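These notes are about the structure you will find just below.
The values are calculated or read from the model by the stated rules, or taken from the named source; none is laboratory data. This structure is a prediction, so every number in the text was calculated from the model and none was measured. Cβ sites come from the backbone with ideal geometry, for glycine too, and all protein chains shown count toward neighbours.
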Amino acid sequence: MQMPPKVTERAFERLAEIGAAGQGQALRVAVEGGGCSGFQYEIALDTPKEDDLVLEGGGEKVVVDAVSLPFLENAVIDFTEELIGARFTIDNPNASSSCGCGTSFSM
């Protein structure tokens, strides 16, 4: 059985800070071919679609399309704030390697 990704409370809190749900938006996490390691994450605010997996918390939503879902099995979607900036991150146990910036990975 496929386990969906998990979303941290910190990620939902950041979505609430930027008012995503109030704008009818959700955080879309997708996997696309390309990037320096073979696959890359696409993270953006978007309108949920009918066939998306919807993960909800604190009135906010994170959505994943059916094609990306197998690549994100058991992954953790989080939000971090560091000296170099703040961003949503993905800790993906399925990735065998990733690039230095964390947006590209291979399996």
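On the basis of being buried (at least 20 other Cβ atoms within 10 Å of the Cβ) and at pLDDT 95 or above, does Arg28 make the cut? Give the derivation first.
Numbers: buried (at least 20 other Cβ atoms within 10 Å of the Cβ): yes; at pLDDT 95 or above: yes.
Yes: the conditions hold for Arg28.
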Is one or more of the residues making up segment 10-22 out of contact with any Ser or Thr (no Cβ under 6 Å at 6 or more places or on another chain) and in a strand (DSSP E or B)? no
How about segment 36-76: which strands (runs of 3 or more DSSP E) wholly inside it have at least 2 residues that are touching a residue at least 60 places away in the same chain (Cβ under 8 Å), buried (at least 16 other Cβ atoms within 10 Å of the Cβ) and at negative phi? 39-46
Asp51: acidic (Asp, Glu), at pLDDT 90 or above and within 21 Å of Arg10 (Cβ to Cβ), yes or no? no
Could you tell me which numbered condition Pro93 fails, if it satisfies all but one of (1) on the phi < 0 side of the Ramachandran plot; (2) at pLDDT 95 or above? (2)
